[in-house]
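Structure record follows, encoded as structure tokens.
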Amino acid sequence: MAICFINGNFNSASQCGIPVTDLVIQRGVGVFDSVRIYDGKAFALTAHMKRLEKSARLARIDVGDGAVIEKMTEVVREGAKRPDCPDGGNCIAKAYITGGDVVEHGQFPKPRHFVIFESGGNISTDDYKNGVALQPTDEGRPCPLTKSINYLVGLIQGSGRDDIYECLYCPDGKVTETLRSSFFICRDGKIITAPVGTVLEGVTRGIIIGLARENGFNVEERCPDVSELAKADEAFLTSSWREVLPVVRVGETAIGSGKPGPVAARLRQLFKANLDKWLDA
Ligand SMILES: *Cc1c(COP(=O)(O)O)cnc(C)c1O
């Protein structure tokens with residue numbers, strides 16, 4: 001069962017709420033970050049909480065001197081070790097900063113904060129074995145450097161289809177990222193992924209690029225053309241919860257052989273082998 005830290009206490013998440021006056025409810029103003037917890041240890045906690053602070057600042061939500069970010073970092077550590085942490089401490093911690101009730105000249109001076117610990121999404125071993133399909137869309141994600149709570153434009157893509165894992169944003173014919181993950185293709189011996197700024201600075205993205213380069217892969221940071229999808233040998237996505245997940249189809253376009261490829265498998269193996277380096281003490 002999900003738990004939540006709000007107003008100084010941990011509680012069952014179903015008992016927690018915020019006022020309907022908060023702009024997160026009325027206008028979708030809010031930012032968050034998701035931290036994967038492995039056996040009670042947070043993954044890349046500092047990087048995630050730095051990004052949370054950056055998201056808040058870009059959204060003009062007041063985080064003062066950053067003390068509140070420190071506090072939330074401690075809350076993630078503490079919650080991860082609690083006996084009532086979901087799934088024996090193998091779950092996801094989501095730290096939220098809302099717009100609060102006040103907007104002043106496009107700034108949000110009185111935010112609310114809370115951290116939810118919940119079970120991760122349904123990620124099946126079949127998805128790693130068979131790969132997943134993405135729904136391409138001409139839409140782009142607004143404010144790409146901000147992890148905003150507003151996923152509406154992306155969520156409604158591929159509406160009603162159970163074969164679609166999530167959407168792939170392709171504004172102006174350029175491939176950027178997916179609903180919740182960074183996206184990569186492999187082509188002509190190179191790994192290609194969109195540069196930070198056109199996409200969110202994915203924590204897993206950064207780690208995977210580092211591991212790939214250390215292990216002799218050539219990584220190019222640019223947005224692939226949509227037309228390159230049909231020519232790719234393989235594709236995959238990365239995120240803290242999904243690690244490295246193969247992508248075998250985008251819309252009607254099969255990627256490579258239509259089966260998961262060796263680069264994604266190798267990178268996931270490298271990620272797992274090095275995981276301890278990014279785990280909290
Ligand atoms: C959360 C998210 C990611 C993944 O970020 P990680 O830091 O690797 O977990 C990538 N893209 C988008 C749009 C996201 O919301």
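The values are calculated or read from the model by the stated rules, or taken from the named source; none is laboratory data. The shown structure was predicted, so the numbers you read here are calculated from the model rather than taken from an experiment. As a convention, Cβ positions derive from the backbone with ideal geometry for all residues, glycine included, and neighbour counts pool all protein chains shown. Each accessible area value is taken on the protein alone, full model and side chains, heavy atoms only, with ligands, DNA and RNA left out. Shrake-Rupley method; radii C 1.70, N 1.55, O 1.52, S 1.80 Å.
Brief remarks on what is shown
- Cut-off under 5 Å, modelled amide H: who pairs with Cys85 long-range: none
- Max-minus-min Cα coordinates of region 187-281 on each principal axis give 45, 29, 25 Å, with the largest extent listed first.
- The value of relative contact order for region 125-278, using C-alpha pairs under 8 Å at least six residues apart, is 25 percent.
- Over the chain, accessible surface divided per residue gives 47 Å², non-protein components excluded, 1.4 Å probe.
- Coupling constants for region 82-96 follow from the phi torsions by the Karplus curve (6.51 cos²θ - 1.76 cosθ + 1.60, θ = phi - 60°), and in residue order they are 5, x, 8, 5, x, 6, x, x, 10, 8, 10, 9, 10, 9, 10 Hz; glycine and proline get x.
- Degrees between helix 262-274 axis and first principal axis of the chain (Cα, 0 to 90, nearest 10): 40 degrees
- Estimated FRET transfer efficiency when R0 is 35 angstrom, pair Ala67-Val20 (beta carbons, to 0.05): 0.80
- Degrees separating the helix 45-58 axis from the principal Cα axis of the chain, which is the longest one: 80 degrees
- Under the convention that each Lys and Arg Cβ holds +1 and each Asp and Glu Cβ holds -1, the size of the dipole of region 108-213 around its Cα centre is about 440 debye.
- Placing unit charges on the Cβ atoms only, positive for Lys and Arg and negative for Asp and Glu, gives region 3-118 a dipole magnitude near 260 debye about its Cα centre.
- The chain - Cys residues lacking any other Cys C-beta under 4.7 Å: Cys85, Cys91, Cys143, Cys167, Cys170, Cys186, Cys223
- Stretching the chain fully between Arg266 and Asp233 yields a gain of 10.4 nm (0.36 nm per residue, less the alpha carbon separation).
- Percent carbon-and-sulfur accessible area, region 1-142, ignoring ligands, DNA and RNA, probe 1.4 Å: 48 percent
- Segment Ser159-Glu74, extension gain: residue separation times 0.36 nm, minus the distance between their alpha carbons: 26.8 nm
- For the chain, size of Cβ-based charge dipole, Lys and Arg +1, Asp and Glu -1, in debye: 360 debye
- Residue-wise HN-Hα couplings along region 23-37, as the Karplus relation 6.51 cos²θ - 1.76 cosθ + 1.60 with θ = phi - 60° gives them from phi, are 5, 5, 7, 7, 9, x, 8, x, 10, 7, 8, 10, 10, 7, 10 Hz; Gly and Pro carry x.
- Amide H partners (placed H, <5 Å) of Tyr151, local residues excluded: none
- Range of Cα positions in the chain per principal axis (Å), largest first: 52, 41, 35
- For region 197-204, the Karplus equation 6.51 cos²θ - 1.76 cosθ + 1.60, evaluated at θ = phi - 60°, returns couplings of x, 7, 9, 4, 7, x, 5, 5 Hz by residue, with Gly and Pro reported as x.
- Label sites at Leu58 and Asp225, each approximated as a point 7 angstrom past Cα along Cα to Cβ, lie 2.8 nm apart.
- The chain: most fluctuating residue of Val115, Val68, Val263 per GNM, C-alpha cutoff 10 Å: Val68
- Near Ala232, the amide H atoms lying under 5 Å from its own belong to Gly256; only residues 5 or more places off or on other chains count, and H is placed 1.01 Å from N.
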